[in-house]
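What follows is a short report on a single structure.
The values are calculated or read from the model by the stated rules, or taken from the named source; none is laboratory data. Please read these numbers as outputs of a predicted model, since none were measured by experiment. Using ideal geometry, Cβ is built from the backbone for each residue, glycine included, and neighbour counts are taken over all protein chains shown.
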Amino acid sequence: MNVRTPLTLAGVLTLALGLAACGDDADESADNGATDSSSGSEPDTEDTTGATDDAAGTSAPGDDAGADGTFPVTVDTASGEVTVEEQPQRIVSLSPSATEILFEIGAGDQVVAVDSFSTYPEGVPTTDLSGFEPNVEAVVGYEPDLVVVSNDANDLVASLEAIDVPVIVSPAPTTVEDGWDGMAALGLATGHVDETAATIADLREQVDQAFASAPETDGEELRVYHELDDSYYSASSASFIGDVYAQMGAVNIADEADTDGTGFPQLTEESIIEADPQLIVITDQVSYTAEDVANRPGWSEIDAVRNDNIVVVDADIASRWGPRLPQLVSTVADALTEVEVGAPAGR
């Protein structure tokens, strides 16, 4: 079920790894599919002709830096092209998702500091740095030669670029497929091209297997509500979380409320009850339980409540695109097997 885009940056790295295994040189990998890199958001798939431009990680004519891990490299990010002159040895990550990816692709030894929410994997150099309200002076104190963030808060990018510190902006992807490109971009920026290609290939296989384990809906409606907190914010299909449900054929009841396409709309309690979800998913980070949800006034007739289909998932796994994505997909797939599809909404 996993949708594939044309040869994106993730595909380029996988191709480069395969060519290297066959003994081909870096120039051949450039001739056989180098394409635009990605910021981790909407992938640019227009150029699939094999051009070795800057967006493909090439910083000089004829220098196939993106394919063989040499430097300098230029990577497309959410804030524009970023050139990394030398392989970074002092990386600061202010994004929990990026932190997990960096350690998974073999760049962990280069990471000297991470934000206060980056607590996985075990042993990461967690500090009191904030990714929400970053302090430039505090970040600079770690003498970084690369900083990775999920968004440009407090004009951090401009402040660090002014002192020649490159910044990779790696936002949460809107789809599962976009996430592979964001991971590939970090592989290019850190000099771990082959390791990243192998990681992407392995994770793709795991995710595909997890999707394959989901029950077939056979065209029947299967309604899902993913609750982020008790003020009824939810994850729509415009987020990678919602994309997981969409790829399993589920109907996300938050989509109708997401008129701005933010991916995280706020629903009303009335609309949730009326939509009658057959599966409700909450996280273990909220201060209430599945039983509390079931006991909300008026919720007793919701299909998911009546059939005890309220699932609690790990908040970090559910909110961070990265190497633990297969666990989220497997959890959702297992939960959907318990749901009786086809029950009418709005009873």
Problem set entry | Lone qualifier among 281, 251 - being of a type in the set (Val, Ile, Thr), in contact with an Asp or Glu (Cβ under 6 Å, 6 or more places away or on another chain) and without any contact (Cβ under 8 Å) to a residue 60 or more places away in the chain | 251
Exercise. Is there a residue in segment 112-131 that is β-branched (Val, Ile, Thr), in the same structural domain as residue 79 (by TED's automatic domain parsing) and under 21 Å from residue 82 (Cβ atoms)?
Worked result: yes
For this session: Scan (1) under 14 Å from residue 184 (Cα atoms); (2) modelled with pLDDT of 95 or more; (3) under 19 Å from the mean Cα position of the chain (by Cα) for the single condition residue 76 breaks and write down its number.
Result: (2)
Seminar exercise, completed: Within segment 291-304, residues more than 30 Å from the chain's Cα centre (by Cα), in contact (Cβ under 8 Å) with a residue 24 or more places away in the chain and surrounded by 13 or more Cβ atoms within 10 Å (Cβ to Cβ) come out as 296, 299, 302, 303
For this session: Among the candidates 139, 111, single out the residue that is crowded, with 22+ Cβ neighbours inside 10 Å, more than 17 Å from the chain's Cα centre (by Cα) and free of Cβ contacts under 8 Å to residues at least 24 places away in the same chain.
Result: 111
For this session: Please go through segment 305-329 and pick out each residue that is under 16 Å from the mean Cα position of the chain (by Cα) and of a type outside the set (D, E, K, R).
Result: 315, 317, 318, 319, 321, 322, 323, 325, 326, 327, 328, 329
For this session: Could you list all residues from segment 177-204 that are more than 16 Å from the chain's Cα centre (by Cα) and surrounded by fewer than 21 Cβ atoms within 10 Å (Cβ to Cβ)?
Result: 194, 195, 198
Exercise. Residues in segment 267-288: is at least one closer than 12 Å to residue 227 by Cβ, among the hydroxyl-bearing types (Ser, Thr, Tyr) and assigned by TED's automatic domain parsing to the domain that holds residue 331?
Worked result: yes
